[in-house]
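Everything on this sheet refers to the single structure shown next.
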Amino acid sequence: MRITVHGRGAHGSMPHAAVDPVVLAAMIVVRLQTVFAREAPPGETAVLTVGSIQAGTTSNVIPDTAVLQLNVRTYSEATRGTVLAAVERIVRGECAASGSPREPEFELFDRYPLTDNDEDATARVAGAFAGHVGDRAGPAEQQSASEDFSHVPVALGVPYTYLFVGGVDPDLYARAARAGRIAEDVPVNHSAAFAPVIQPTLDTGTEALVVAALAWLAPAP
């Protein structure tokens, strides 16, 4: 979601003549942290991240607008609707509290459906993995990553299963696990330090695709 909030620009030496959209945006960011803490049921998994704030061009000028970009991830349409409604309510409320001269603007973009693996297809592929690599394969935990992959099988009306292949150097991961520093020492995707090891990641990924294809194309037991 892209949100534009409006203020009234002025010189930095005369903040009383302005409606500061930078302060308004900061208040919105802080208040949005309460959406899941106070509005989502306990145990409901969801993520709301403000990934970008853009306002102003220099230190001594209060700008007219601020633009926030949000990332919302939920596991049900009902929760998604609740979250988006709460975001809009909070933004409008903070704009009113700040005396914003114009209503905020909301733009939704890059929306993807939930990736929900078919149980039978997943069991079939998982069994093939277990037979090929043993305990190196296992169920993945619930992920908050978004994925446009599910558009394709949903459009075709076919079952699907989505799989992951590990790409972290095993020695690095083991050291981080022993030190209790996985979050700090193991770079995740979109981190500037993220770089999967080429091998055995490439061979493992290729094997996984072949094994999954053969399991799916083989006659059902």
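The values are calculated or read from the model by the stated rules, or taken from the named source; none is laboratory data. This is a predicted model, so every value here is computed, not measured. Quick reminder, even Gly has a Cβ in these numbers, built from the backbone with ideal geometry, and neighbours come from all protein chains shown. What goes into the accessible areas is simple: the full protein's heavy atoms, side chains included, and nothing from ligands, DNA or RNA. Shrake-Rupley method; radii C 1.70, N 1.55, O 1.52, S 1.80 Å.
Structure summary
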item	result
Pair list, Cβ under 6 Å, 6 or more apart: region 91-114 residue touching a residue at least 40 places away in the same chain (Cβ under 8 Å) and more than 30 Å from His16 (Cα to Cα), other residue surrounded by 13 or more Cβ atoms within 10 Å (Cβ to Cβ) and of a type in the set (Lys, Arg)	Glu107/Arg2
Selection count where residues are in contact with an Asp or Glu (Cβ under 7 Å, 6 or more places away or on another chain) and of a type in the set (A, V, I, L, M, F, W, C), scope region 4-28	3
Residues of region 193-205 that turn out to be exposed (fewer than 12 other Cβ atoms within 10 Å of the Cβ) and among the β-branched types (Val, Ile, Thr), as a count	1
Qualifying residue in region 75-92 (condition: in contact with an Asp or Glu (Cβ under 9 Å, 6 or more places away or on another chain) and outside any helix (DSSP H, G or I))	yes
Helices (runs of 4 or more DSSP H) lying entirely in region 145-221 (those with 1 or more residues that are more than 18 Å from Thr115 (Cβ to Cβ))	170-179, 182-185, 201-217
Check on Glu103, within 27 Å of Leu48 (Cα to Cα), open to solvent by 80 Å² or more (accessible area, probe 1.4 Å) and part of a loop (DSSP other than H, G, I, E, B)	yes
Of all residues in region 79-90 being aliphatic (A, V, I, L, M) and open to solvent by 30 Å² or more (accessible area, probe 1.4 Å), the one that is farthest from the chain's Cα centre (by Cα)	Ala85
Extreme residue, modelled with the lowest pLDDT, among residues of region 1-50 that are surrounded by fewer than 16 Cβ atoms within 10 Å (Cβ to Cβ), part of a strand (DSSP E or B) and within 18 Å of the chain's Cα centre (by Cα)	Val47
Condition check for Ala174: surrounded by 11 or more Cβ atoms within 10 Å (Cβ to Cβ), at pLDDT 90 or above and under 15 Å from Leu209 (Cβ atoms)	no
Unmet requirement for Gly93, which otherwise passes all of (1) open to solvent by 50 Å² or more (accessible area, probe 1.4 Å); (2) modelled with pLDDT of 95 or more	(1)
Single condition Pro113 does not satisfy, out of (1) at pLDDT 95 or above; (2) loosely packed, with under 14 Cβ neighbours inside 10 Å; (3) in contact with a Ser or Thr (Cβ under 6 Å, 6 or more places away or on another chain)	(1)
Ala212 being loosely packed, with under 14 Cβ neighbours inside 10 Å and not acidic (Asp, Glu)	no
Which listed residue, of Asn71, Asn60, is over 18 Å from Val87 (Cα atoms), in contact (Cβ under 8 Å) with a residue 12 or more places away in the chain, surrounded by fewer than 16 Cβ atoms within 10 Å (Cβ to Cβ) and not hydrophobic (A, V, I, L, M, F, W, C)	Asn60
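For every residue, the table says whether it meets (1) loosely packed, with under 11 Cβ neighbours inside 10 Å; (2) in contact with a helix residue (DSSP H, G or I) (Cβ under 9 Å, 6 or more places away or on another chain); (3) within 30 Å of Arg89 (Cα to Cα).
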residue: Glu107; (1), (2), (3): yes, no, yes
residue: Gly127; (1), (2), (3): no, yes, no
residue: Gly134; (1), (2), (3): yes, no, no
residue: Gln142; (1), (2), (3): yes, no, yes
residue: Val158; (1), (2), (3): yes, yes, no
residue: Thr161; (1), (2), (3): no, yes, no
residue: Gly167; (1), (2), (3): no, yes, no
